[in-house]
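*Asks:* Here it is, the structure, as structure tokens.
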Amino acid sequence: VMTTPTPSGNCTDLHNPETSHFSIKPDCKSFELCLFCEHYAYHADKEDIHKLLSMKYVILETKQLASSKEHFDKLFSEVLFRVDELVNEAISRQLISNDDLGEIKKMISSEDLSPYWQQKLDLLSLIGAI
């Protein structure tokens, strides 16, 4: 199956979002929602883990922009849970080593994000949102 790289992983059928998820409807313009699409392809390699943890970092950095904790949770709690679920699955299936995960987490903590999420973070910072 051919995949197209995206900021949240990969996609097997770009611009054709489908889901059976009960509360989240994927939209190809919102990469956070890709995680709930039937066409989401996750390789669980260092690159995809870096993308996911970069996304999580940017989401958490924008927390103060939400009108309340409840508002933030409504928007992002399922996305953050799904990121953690995918990362934990990669570790448990030994698709990525604990050493590699530690290295990626160290990169994230020093704001060395994947290119898309780095641009998004830089833009939010530039406009004074965060």
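The values are calculated or read from the model by the stated rules, or taken from the named source; none is laboratory data. Note that the coordinates shown come from a computational prediction; the quantities given were computed from them, not determined experimentally. Neighbour counts run over all protein chains shown; Cβ positions are idealised from the backbone, glycine included. These area figures cover heavy atoms from the full protein model, side chains too; ligands, DNA and RNA do not enter into them. Shrake-Rupley method; radii C 1.70, N 1.55, O 1.52, S 1.80 Å.
*Asks:* Of the listed pairs LYS74/LYS106; LYS29/LYS106; LYS56/LYS106; LYS46/LYS74; LYS51/LYS74; LYS74/LYS120, which have alpha-carbon separations greater than 18 Å here?
*Replies:* Result: LYS74/LYS106; LYS29/LYS106; LYS46/LYS74; LYS51/LYS74; LYS74/LYS120 exceed 18 Å.
*Asks:* Leaving out ligands, DNA and RNA, and with a 1.4 Å probe, what % of the accessible surface on the range 1-53 is carbon or sulfur? It would help to have the intermediate numbers written out before the result.
*Replies:* On the way: 1580 of 2860 Å².
Summing carbon and sulfur atoms, their accessible area is 55 percent of the total for the range 1-53.
*Asks:* Using a probe radius of 1.4 Å on heavy atoms only, what accessible surface per residue do you get for the chain? Whole Å² is fine.
*Replies:* Per-residue value: 60 Å².
*Asks:* Taking a cut-off of 18 Å between Cα atoms, list the aspartates and glutamates near LYS105, but don't count ones fewer than 8 places away on the same chain.
*Replies:* Of all the aspartates and glutamates, those that pass the test against LYS105 - Cα under 18 Å, at least 8 places apart if same chain - are ASP45, GLU47, ASP48, GLU61, ASP84, GLU85, GLU89.
*Asks:* Further, regarding this structure: Between SER30 and ILE127, how high is the FRET efficiency from 1/(1 + (r/R0)^6) when r is the Cβ-Cβ distance and R₀ = 22 Å? Nearest 0.05.
*Replies:* The pair SER30/ILE127 has a calculated efficiency of 0.70.
*Asks:* Rounded to whole Hz and in sequence order, give me ³J(HN,Hα) for the range 64-69 from the Karplus expression 6.51 cos²θ - 1.76 cosθ + 1.60, θ = phi - 60°, writing x for Gly and Pro.
*Replies:* Rounded to whole hertz, the list is 5, 7, 5, 5, 7, 4.
*Asks:* Another one. List the pair-distance distribution P(r) of the range 56-129, using every Cα-Cα distance, as the percent of pairs falling in each 5 Å bin from 0 up to the bin containing the longest distance, rounded to whole percents.
*Replies:* 3, 14, 19, 22, 20, 13, 6, 2, 0
*Asks:* Follow-up. List the residues, sorted by chain then number, that are 5 or more residues from THR6 or on another chain and whose placed amide H is less than 5 Å from its amide H.
*Replies:* Amide H neighbours of THR6, under 5 Å, 5+ apart: CYS11.
*Asks:* Something else about it: Over all directions, what mean area does the Cα convex hull of the range 1-84 project, stated in square nanometres? Display every interim value, and only then the final one.
*Replies:* Values: hull surface 22.2 nm².
With every direction weighted equally, the projected area is 5.6 nm².
*Asks:* Along the range 41-55, what does the Karplus equation 6.51 cos²θ - 1.76 cosθ + 1.60 (θ = phi - 60°) give for ³J(HN,Hα), rounded to whole Hz, x for Gly and Pro?
*Replies:* With the stated coefficients, the range 41-55 comes to 10, 10, 7, 6, 9, 4, 5, 5, 5, 4, 4, 5, 6, 5, 4 Hz.
*Asks:* Convert each backbone phi in the range 17-30 into a coupling constant with the Karplus relation 6.51 cos²θ - 1.76 cosθ + 1.60 (shift: θ = phi - 60°), then list the ³J(HN,Hα) values in order as whole Hz, x for Gly and Pro.
*Replies:* Per-residue couplings from phi come out as x, 9, 7, 10, 5, 6, 10, 10, 10, x, 9, 5, 8, 10 Hz.
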